[in-house]
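Read through the structure below, which is laid out as structure tokens, and then see the notes.
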Amino acid sequence: MSTLRLRGRAFGPGDYAIMAVVNRTPDSFFDRGATFGFGAALDAASRLIDEGADIVDIGGVKAGPGDEVDPAEEIRRVADLVAAVRAHHPDVIISVDTWRSEVAEVVAEAGADLLNDTWGGVDPGLAEVAARHGIGLVCAHAGRVEPRTRPHRIAYADVVADVIGYTTALAEKAVSAGVRKDAVLIDPAHDFGKNTWHSLEISRRLDEMVATGWPVLVAVSNKDFVGETLGGLPVEERHAGTLATLAVSALQGARVFRVHDAAGARTALDVVERLRA
């Protein structure tokens, strides 16, 4: 199993890294614009770091369908925030959630350490930016769909096999493009190009992804599959289900956990660590 190295920090097998979400969007499914303002976003980043976040993941475009956000607007939302978080917290790992290479270039210059490509390599230039700047890359499986779309009745012969084949191929391609191997993660991307059954099957069999040797990121926080599994719970009632899914993922060897509640995730993962000792 490889060790993940970002901004001078190392996360080996058995280590857990908390990636906390800061959305500079007015229409986030979770906070509904609470951190859209620059000051609110910067304050949220500082609070999440104080609560135990190792990585701050900054996003400027809602993942689901919504108003069009062009590259210039996405840059306006995220680049200055990356620079401000870097100035206030020089040692924190900064990630940016984007699928666009033109955005990636600007945030890399501003101080980002990781590009979180949740849409699965739709822009191959993203890996080139990561390689040129010596930063990391998340290689995700989004079912080969267009960014910000929800496919109708998507199907896989074996969703886990599809996820593993796609993400590991992206990872190898990124390394071939010059991205450091120890700065590449793979992400099954729960709910992206998947229904609830697919996301649950990935969670049950996450150890198969871990067995590839690539560090695995899981992003399950308050997602629809958690709510549907628990009888259709709304977003604000999915916290317990989120923590349960994080624990199951950690026990199977996941390395990085993208969450909205850094403190709660840190507590849950501390318990898992003690159970494994």
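The values are calculated or read from the model by the stated rules, or taken from the named source; none is laboratory data. All values reported here derive from a predicted model rather than from experimental measurement. Backbone-built Cβ (ideal geometry, glycine too); neighbour counts: all protein chains shown.
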Would you confirm whether or not the stretch 7-17 contains a residue that is modelled with pLDDT of 95 or more and crowded, with 23+ Cβ neighbours inside 10 Å? no
Is there any pair with a first residue in the stretch 253-271 that is touching a residue at least 40 places away in the same chain (Cβ under 8 Å) and at positive phi and a second that is assigned to a helix (DSSP H, G or I) and among the hydrophobic types (A, V, I, L, M, F, W, C) whose Cβ atoms are under 8 Å apart and which are 6 or more apart or on different chains, and what are they? Gly253/Leu206; Gly253/Val210
List every residue pair whose Cβ atoms lie under 8 Å apart, where the two residues are 6 or more positions apart in sequence or sit on different chains, the first residue falls within the stretch 60-76 and is within 22 Å of Asp224 (Cα to Cα) and among the polar types (S, T, N, Q), and the second residue, located anywhere, is modelled with pLDDT of 90 or more and crowded, with 20+ Cβ neighbours inside 10 Å. none
With criteria (1) among the aliphatic types (A, V, I, L, M); (2) surrounded by fewer than 16 Cβ atoms within 10 Å (Cβ to Cβ); (3) under 19 Å from the mean Cα position of the chain (by Cα), Ala161 comes up short on (3)
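When residues of the stretch 25-58 are filtered for being acidic (Asp, Glu), over 19 Å from the mean Cα position of the chain (by Cα) and within 22 Å of Val107 (Cα to Cα), how many remain?
Number satisfying all stated conditions: 1.
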Test Phe192 against the stated conditions and say whether it is in contact (Cβ under 8 Å) with a residue 24 or more places away in the chain, crowded, with 24+ Cβ neighbours inside 10 Å, aromatic (Phe, Trp, Tyr) and not in a loop (DSSP other than H, G, I, E, B). no
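Name the residue, out of Ala247, Ala268, that is assigned to a helix (DSSP H, G or I), farther than 22 Å from Val22 by Cβ and among the small types (Gly, Ala, Ser). Even if it seems obvious, please write down each step before you answer.
Details: Ala268 fails: farther than 22 Å from Val22 by Cβ.
One residue alone meets the criteria, Ala247.
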Just checking, how many residues over the stretch 210-236 are closer than 16 Å to Ala247 by Cα and either of a type in the set (Lys, Arg) or in contact with a strand residue (DSSP E or B) (Cβ under 7 Å, 6 or more places away or on another chain) (or both)? 7
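Examine the stretch 149-156 for a residue that is closer than 17 Å to Thr196 by Cα and buried (at least 18 other Cβ atoms within 10 Å of the Cβ), and state whether such a residue exists.
There is no residue in the stretch 149-156 that is closer than 17 Å to Thr196 by Cα and buried (at least 18 other Cβ atoms within 10 Å of the Cβ).
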Given the conditions (1) surrounded by fewer than 18 Cβ atoms within 10 Å (Cβ to Cβ); (2) under 18 Å from the mean Cα position of the chain (by Cα); (3) among the hydroxyl-bearing types (Ser, Thr, Tyr), every one holds for Thr167 apart from (1)
Within 20 Å of the chain's Cα centre (by Cα), farther than 26 Å from Pro147 by Cα and buried (at least 22 other Cβ atoms within 10 Å of the Cβ), is that true of Val61? no
Pairing a residue in the stretch 21-46 that is farther than 18 Å from Lys223 by Cα with any residue that is assigned to a helix (DSSP H, G or I) and of a type in the set (D, E, K, R), where Cβ atoms lie under 8 Å and the two sit 6 or more apart in sequence or on different chains, gives Arg24/Arg77; Phe38/Asp80
